[in-house]
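Here the structure comes first, spelled out in structure tokens, and everything after it is commentary.
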Number of protein chains: 2
Amino acid sequence: MSGSVRRTTMPSIEIVAKEAGVSTATAGRALGGYGSVSRKSREAVLAAAERLGYRPNSLARSMITGLTHTLGVLVPDIENPFFSRALRGIADAAHERGWEVLLVNTDEDLALERKALSVLTERRVDGLVVAPTDVADRDALQAVVDAGIPVVLLDRRVPGLEADTVGIDNRAAAKDATERLLKLGHRSVALLTGGDEKLRPKLSRPGLRGVERLAATTVGARAAGYRDALVEAGIEPRPELVSAEGFRREDAAAATRRLLALPDPPTAILALDSLLALGVLQALRGLGLRCPVDVSLVAFDDADWAEAISPPLSVVAQPIYELGAEAGRLLLDRVQGSDKRFTHRRLPTRFIERESATSR
Amino acid sequence: MSGSVRRTTMPSIEIVAKEAGVSTATAGRALGGYGSVSRKSREAVLAAAERLGYRPNSLARSMITGLTHTLGVLVPDIENPFFSRALRGIADAAHERGWEVLLVNTDEDLALERKALSVLTERRVDGLVVAPTDVADRDALQAVVDAGIPVVLLDRRVPGLEADTVGIDNRAAAKDATERLLKLGHRSVALLTGGDEKLRPKLSRPGLRGVERLAATTVGARAAGYRDALVEAGIEPRPELVSAEGFRREDAAAATRRLLALPDPPTAILALDSLLALGVLQALRGLGLRCPVDVSLVAFDDADWAEAISPPLSVVAQPIYELGAEAGRLLLDRVQGSDKRFTHRRLPTRFIERESATSR
DNA sequence: CCACAGATTGAGAACGTTCTCACCCAAGTG
DNA sequence: CACTTGGGTGAGAACGTTCTCAATCTGTGG
């Protein structure tokens, strides 16, 4: 432990008891509101506490009760609007029932995620909401569960883990979005996954079983849905139209330029999150092309700017806040002793048609 | 305490010690890495710990050391990109030195802020980063400081509070932005503050001393800077061009429509945050007006979409991440015993000229 | 062999709560 | 009057660590 120890001067229950002329047991009862205390004692204790500026020490309380009233929350990137909105939902659900939130950014880094799980376990959080990194460490998560800390997974799933999950039906949502583009007459639709380059070959040419395995991750499930729509429409998926070249805006811009330079360029693009959509728009501007007249665009997530820009963006809106709130509620139910079977809750998405996708 | 008590089965140091055949004191030394332990004992203890899946209980540790290694963070709205980015800075600074972050959303609600301060005090956080609500409760904050918990204020200041503060020079930044619009030939520049309706009369007609008092809040300081620029340019400020009609996008859109319906409408608008700018853009679209040919626009904060939309938005960029990181570092310095005088750090802003503001 | 420094060890206190348990006492009951 | 009932009370254990301190062990130099 580095650093000098700061010793605060906050009075303990014992001091308050002495001041009030009663035992610590009675003072504890008066302050904690349990057991039975005479009116006289209670008033004496409360007055003494007020006078001394007594604040209960919740650490000591937690030692006894075995509850920290703290929920750990692990997200890859708090700056991502998806996670900050979901976090809001989690925090609200927690506060509503008297819990606080200990937040850790994992930065999409597996080592950090493992470290965080370890730290939060030592802090004895009552439960954990985890939005796992794409390659989440099943064993590390299972170890937490085995230690008696319930876990709820948000957005992404981890096969084989004993935990509740909350998310959307990614495959269906992506399929629906793709179908809408196809219905508008687009025959060559590109997919911007934002995923890692390593993922790309798997996304574009999954084997028969490959598609199923893919569907475990969020990106994978959406890619599978995109594929589903193409196949059902009798269109042969073209690997070069599936891009997994990074999740930053610049990556998406570069990917867009590459796509539009193809001999047979796409006439529509499906972006798997709103940051990627920004990259597309930026690239189009740079190329002197216009949306939707030259290229149609549909994105996941209804960012606050989606409605305000020109053209207003057509999006697949997820109930992000509700996802977080539901995860929080589910977790607190477990913490408070629910022994129900693990549930996997899929909340409905909503396609919001604006002006960025038109018929060809 | 509501809910049933979950009793985890995690082994304590005592169990580990027994398994290893040593005393709890020795086991503690071996596990904690303090004091001196023979190689043989240490190995026995570590092996036993591994076997039993021992995880130290940081609550018990905190009881003894007086340090929770936890920083409390109070923000009005975690969904606001400003705060989520600043939070990222705080969290990174904290993690770097081995601290965790307990996050509370105050929702711009004074009662919630007070409640949160109380809860975090009881949790014995080692320090607090607070982005106070506009009408922050000085006394509640001072009580925390008096209880021995150092506080660092982020973005907004609270006059008379014994705390470090980190932010930008709001008055100068707003003055600079306004001057740039004036230099482009605009003579009637509107200001969208996003503040509360109650604030408006104060903003538009501050008395001589009023300006000084105003400058204490972020919105107030920026309004003062806007005024400074006008006055220096010899332009009489027009109260009806200063809008404080709410901080949501729709509020800004409505305000814009009102402004442009004036007999002598503004030719340029300065929006005090990026969400308000979105409202302006949305209103312009609705009115069939174009930016910048019909109305110029400059906003605070370089949102991710600012560069990608049409036209790319000219902005006053704050070093948001650095503000958070600096607040975190300053706080940890205090926690670890720095007794320096309170500092008020102003980080530099940067005007990014893009295409939303042109000469008239 | 003895004295001594330094490493190693364990008993037990401490942190600030909640919980268990026995005890006291006043008020009722037969 | 003896006997129960139950609210009110305080002593002390418990939670799981770290810290203090005295005791024991080890090896070294004389």
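The values are calculated or read from the model by the stated rules, or taken from the named source; none is laboratory data. Values in this document were obtained by computation on a predicted structure and should not be read as measured data. Virtual Cβ from ideal backbone geometry, glycine too; neighbours counted across all protein chains shown. We work out accessible area using only protein heavy atoms, side chains counted, and drop any ligands, DNA or RNA first. Shrake-Rupley method; radii C 1.70, N 1.55, O 1.52, S 1.80 Å.
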**Request:** Percent of Cα-Cα pairs per 5 Å bin, from 0 to the last occupied bin, for the range A:119-174, please list those.
**Result:** 4, 19, 30, 23, 13, 5, 4, 2
**Asked** Taking only Cα atoms, what is the 0 to 90° angle, nearest 10, from helix A:39-52's long axis to the longest principal axis of chain A?
**Response** 70 degrees
**Prompt:** What aspartates and glutamates could a cross-link reach from B:K183, if we take a straight Cα to Cα line under 18 Å and drop same-chain neighbours fewer than 8 places away?
**Reply:** B:D228, B:E232, B:E236, B:D294, B:E353, B:E355
**Fill in**
Taking every C-alpha to C-alpha distance in the range A:20-110 and binning by 5 Å from 0, the per-bin percentages run 3, 12, 16, 14, 12, 11, 10, 7, 7, 5, 3, 0
**Prompt:** Residues of the range A:112-148 losing 10 Å² or more of accessible area relative to the isolated chain, 1.4 Å probe, heavy atoms only?
**Reply:** A:S118, A:V119, A:T121, A:E122, A:R123, A:R124, A:D126, A:A147, A:G148
**Prompt:** Across 10 Å bins from 0, what is the distribution of all Cα-Cα pair distances for the range A:31-76, in whole percents?
**Reply:** 20, 36, 29, 9, 5, 1
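With a 1.4 Å probe and all protein chains in place, put A:H69, B:H186 in order of accessible area, largest first.
Per-residue accessible area, sorted high to low, gives A:H69, B:H186.
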**Request:** Take the alpha carbon gyration tensor of the range A:45-163, find the square roots of its eigenvalues, order them as a ≥ b ≥ c, and report rounded if a/c is under 1.5; if not, report prolate when a/b exceeds b/c, else oblate.
**Result:** prolate
**Prompt:** In nm, one decimal, shortest first: how far is the label point of B:L46 (7 Å from Cα along Cα to beta carbon) from the matching points in the other copies?
**Reply:** 5.5
**Asked** Using alpha carbons only, what's the Rg to Rh ratio of the range A:13-56 with Rh from Kirkwood?
**Response** 0.90
**Asked** Any idea what the A:R248 label distances to the other copies are, label 7 Å down the Cα→Cβ vector, nm, shortest first?
**Response** 3.6
**Asked** So how much slack lies between B:R97 and B:R238, counting 0.36 nm per residue of separation and subtracting their Cα-Cα distance, in nm?
**Response** 45.7 nm
**Item:** Sum of -39500 (n - 2.57) over DSSP H runs of 4+, divided by residues of chain A (222 nm, nearest 500)
**Value:** -13500 deg cm²/dmol
**Complete:** Unit-weight point scatterers at every alpha-carbon of chain B, Debye formula, q = 0.10, 0.11 1/Å: log10 I(q)/I(0) is -0.70, -0.79
**Message:** Using the alpha carbons of the protein assembly as shown, what is the convex hull volume per residue in cubic angstrom, as a whole number?
**Reply:** 178 Å³
**Request:** Quantify how much of the Cα-Cα distance distribution of the range B:238-360 extends past 24 Å, in percent.
**Result:** 38 percent
**Asked** How much of A:M10 can a 1.4 Å solvent probe reach, expressed as accessible area in Å² and rounded to 10?
**Response** 40 Å²
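Compute the FRET efficiency between A:E162 and B:A47 as 1/(1 + (r/R0)^6), taking r as their Cβ-Cβ distance and R0 = 30 Å, and round to the nearest 0.05.
Working from the Cβ atoms, E equals 0.60.
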**Prompt:** Considering only protein heavy atoms, what per residue accessible area in square angstrom results for the range B:13-56 with a 1.4 angstrom probe?
**Reply:** 62 Å²
**Buried on assembly, the range B:74-99 (at least 20 Å² less accessible surface than by itself, 1.4 Å probe)** = B:I78, B:E79, B:S84, B:R85, B:L87, B:R88, B:H95
**Request:** Sticking with the crude label model, points 7 Å out along Cα→Cβ, report the distance from B:Q142 to A:R346 in nm, one decimal please.
**Result:** 5.8 nm
**Prompt:** What Rg and what Dmax come out for the range B:170-318 when only alpha-carbon atoms are used, in angstroms?
**Reply:** 13.9, 42
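Could you work out the relative contact order of chain B? I mean the mean sequence separation of Cα pairs under 8 Å and 6+ apart, divided by the number of residues, in percent.
Working: 662 pairs, mean separation 62.1, N = 360.
Reported as a whole number, the value is 17 percent.
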**Asked** Who wins for biggest fluctuation among A:E14, A:E326, A:E307 in a Gaussian network model of chain A, springs between alpha carbons below 10 Å?
**Response** A:E14
**Asked** Among all the aspartates and glutamates, which ones have a C-alpha under 19 Å from A:K18's C-alpha, if same-chain residues fewer than 8 places away are not counted?
**Response** A:E43, A:E50
**Prompt:** Can you give the accessible area of B:Y34 in Å² (nearest 10), computed on protein heavy atoms with a 1.4 Å probe?
**Reply:** 130 Å²
